[in-house]
Every structure is written in C-alpha cells, then in structure tokens.
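The values are calculated or read from the model by the stated rules, or taken from the named source; none is laboratory data. As the structure is a prediction and not an experimental result, all values here were calculated from the model. Using ideal geometry, Cβ is built from the backbone for each residue, glycine included, and neighbour counts are taken over all protein chains shown. The accessibility values were calculated without ligands, DNA or RNA, using every heavy atom of the protein model including side chains. Shrake-Rupley method; radii C 1.70, N 1.55, O 1.52, S 1.80 Å.
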Amino acid sequence: MMQKPGQEQDVEVTKEDQQRINNFNQLNQKYHELEDELKVAKDDLQKIEDASNELMLCSDDDPVKYMVGDSFVNLTAAGATELLEELKSKLEKGVEQIDENISEIKRHMQQMKISLYAKFGTSINLEEE
C-alpha cells in the first residue's frame, strides 16, 4: 500500500535507537543547564563591571566595604579593585568554558538529529517548542 505524503510511517525502535534518543535528551538537558549557567555568569560579570566602575570614582586610599560570603571586609578602593579584577578574570574564563561546552553539545546534537531524522523521518520531533 502506498503512503500518502505527510502520513507518518511506523518505524521499529530498536534498543540502540532508544539509547540514541535518550542520549539526545540528556544532551538537550545539559545544553539548557549550561545556557542557564551562562546567563548567571554573564549577569555576575555585569555586576562586577558595575562595581569596578563605581570604584573608579573613589580615590585609591578610600575605605570601601567588600562582601566576602556573608560578611563585609574593609579594604582600600585599590585593594577592592584588584580583587574584582581577579574575580572578573576567573568569571571570563568560566564563560569561555561554558561557551565551548555549549558549542560542542550543539554540534553533537546536530549530528544526532541528522541520524535520527534519517531513520525516523517525521515520526520523531527533536526540535524545541
């Protein structure tokens, strides 16, 4: 019997196919977790940049309160600026690492989509909604 265009065909799902679908789902979840981490890290970077800009308005010897955990420490503006620059550097490296991880996951997911769509056609939906 011929199939009409747009009509889904039944394709048997093997154990290996199910594992590939599950792997795709796990990668998709990791992708979304990394996207959330990236957003938080970029927000933190913006806050550090704002704090650095505010510290530029102070003279280097002015006392400022620097939050460490739940406590505040009295530092000079120069000392606080140095700590913020170190923190900013660490966060920028973290953002780069997250970006690399996201790119790798997206590349891998795209390869998996190609192979899964080749086998299942329109019987499977791997797209975001």
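In table form, for the structure just shown:
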| quantity | calculated |
| --- | --- |
| Paramagnetic label zone (point 7 Å from Cα along Cα-to-C-beta, SER59; backbone N under 16 Å) in the range 79-104 | 79 |
| Cα-based helix-to-principal-axis angle, 77-120 vs the chain, degrees rounded to 10 | 0 |
| Which of ALA41, VAL68, CYS58, positive extreme of dipole for the chain (C-beta unit charges) | ALA41 |
| Angle between the chain longest axis and helix 15-56 axis [Cα atoms, degrees, rounded to 10] | 20 |
| Evaluated at q = 0.16, 0.17, 0.22 Å⁻¹: base-10 log I(q)/I(0), Debye formula over Cα of the chain | -0.87, -0.93, -1.21 |
| SER123-GLU92 FRET efficiency (beta carbon distance; Förster radius 25 Å; 0.05 resolution) | 0.05 |
| Accessible area (Å², 1.4 Å probe, nearest 10) - PHE72 | 130 |
